[in-house]
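The structure appears right after this line, and notes come after that.
The values are calculated or read from the model by the stated rules, or taken from the named source; none is laboratory data. Every value quoted in this text rests on a predicted model; they were computed, and no experiment measured them. Using ideal geometry, Cβ is built from the backbone for each residue, glycine included, and neighbour counts are taken over all protein chains shown. Side chains included, ligands, DNA and RNA excluded: accessible areas come from the protein's heavy atoms. Shrake-Rupley method; radii C 1.70, N 1.55, O 1.52, S 1.80 Å.
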Amino acid sequence: MANAEAAPLQATGAKTRKGTRKRTLTYLIRNYWMFYLMLLPGVLLLIFNNYIPMLGIVIAFKSVRFDIGILNSPWAGLTNFKFLFQSSDSYIIIRNTLLYNSAFIVLNLIFPLAFALMLNEMKNRFLSKLHQTIMFLPYFLSMTVIAYLVYGFMSDEHGYLNGTLLPALGLDSVRWYFTKEVWPFVLPLINTWKSMGYYTVVYMAAIIGIDDEYYEAATIDGASKWQQMTNITIPLIMPVITIMTLLQIGRIFNADFGLFFQVPRESGTLFPVTNVIDTYVYRTFLTVGDIGLSSAAGLFQSVVGFTLVFLSNWVVRRINSDNALF
């Protein structure tokens, strides 16, 4: 009897909730249609620019023949993905990609955060802005320009290191582009130098947004500058630090093509320490000419990055939900 009496009540409740949702949607459209109309161009741009091109992932699963078109080309299954894992270079390129990007994540956290904290303590605002501008300039340089700058330093014959610095120190010249041992240190240094200004400005913006009352109260309590940084500044900007780190983790399988292709100047001797997934796919495409292989590599990088972002965000949410990206 109880179940029989409860059933009509449940049905009535479900109809009421459905009706409420319908009325709510109708109310929102009727009263805020002008805002939805303003939103429409951005939504259309997102659909045409970001989502419709995603249909191109079908290339990763096909053996493309241009004479019959992509859609009519035969399916290849997972064959295009095998070249990343079955080739003799698969271990090297995946190892280099992961290790370099892991180093970039750590360095892009430590140095920009340290400089942001130091610049925030500068009393002279003009000098602080000047330093930010100088640090930010390399971010706008293309990797082609940076490759020539590096070559100007490390050229065998006319570079600054071999031509000026090493002779002044009484040391022999080094053939930098044939010495693979130094490049695991050179590439992270270049990446940090180029991107440090960008991350520093992001962290500076977060620090500036902190209410001064926190620091005033800490000063009254006798807290030192170091205690203020460790107990006020860093904890309050931790959400920004987490977001920037998660965004970098999402691209841990994507390498900066210009950094690893143009800066080493295609020196074959350096391939064991400079060859990453992106450069390997590019060289394979030049040799084989199969766009299916390139599409498979890009899809693999995107899926792995997407998964890592969700896993990392889940871990952060379990530790402190306020610092999570979503």
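Below is a table of values for the structure above.
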quantity	calculated
Subset tally (residues that are in a loop (DSSP other than H, G, I, E, B) and of a type outside the set (A, V, I, L, M, F, W, C)) for the stretch 185-236	5
Number of positions in the stretch 100-133 that are of a type outside the set (Phe, Trp, Tyr), without any contact (Cβ under 8 Å) to a residue 24 or more places away in the chain and part of a helix (DSSP H, G or I)	11
Lone unmet requirement of (1) modelled with pLDDT of 90 or more; (2) β-branched (Val, Ile, Thr); (3) open to solvent by 30 Å² or more (accessible area, probe 1.4 Å) for Ile190	(3)
Hey, Ala255 without any contact (Cβ under 8 Å) to a residue 40 or more places away in the chain and either open to solvent by less than 20 Å² (accessible area, probe 1.4 Å) or small (Gly, Ala, Ser) (or both) or not	no
Asp211 vs. criteria open to solvent by 20 Å² or more (accessible area, probe 1.4 Å) and under 30 Å from Ala60 (Cβ atoms)	no
Boolean, Leu78 is hydrophobic (A, V, I, L, M, F, W, C) and within 31 Å of the chain's Cα centre (by Cα)	yes
Residues of the stretch 122-149 that turn out to be closer than 19 Å to Met229 by Cβ and either modelled with pLDDT of 90 or more or open to solvent by less than 60 Å² (accessible area, probe 1.4 Å) (or both), as a count	3
Residue pairs meeting the criteria (Cβ under 7 Å; at least 6 apart or on separate chains; first closer than 17 Å to Lys123 by Cβ, in the stretch 216-229; second open to solvent by 50 Å² or more (accessible area, probe 1.4 Å))	Lys225/Glu121
Residues of the stretch 43-88 that turn out to be open to solvent by less than 50 Å² (accessible area, probe 1.4 Å) and not in a helix (DSSP H, G or I), as a count	7
First in the stretch 270-293 and without any contact (Cβ under 8 Å) to a residue 12 or more places away in the chain, second anywhere and not in a loop (DSSP other than H, G, I, E, B), Cβ under 6 Å, 6 or more apart	Phe285/Ser294
Sole residue being surrounded by 15 or more Cβ atoms within 10 Å (Cβ to Cβ), among the hydrophobic types (A, V, I, L, M, F, W, C) and over 27 Å from Tyr203 (Cβ atoms), chosen from Val309, Val240, Val276	Val276
Identity of the residue in the stretch 155-172, farther than 20 Å from Ser267 by Cα and not small (Gly, Ala, Ser), that ends up most open to solvent (accessible area, probe 1.4 Å)	Asp172
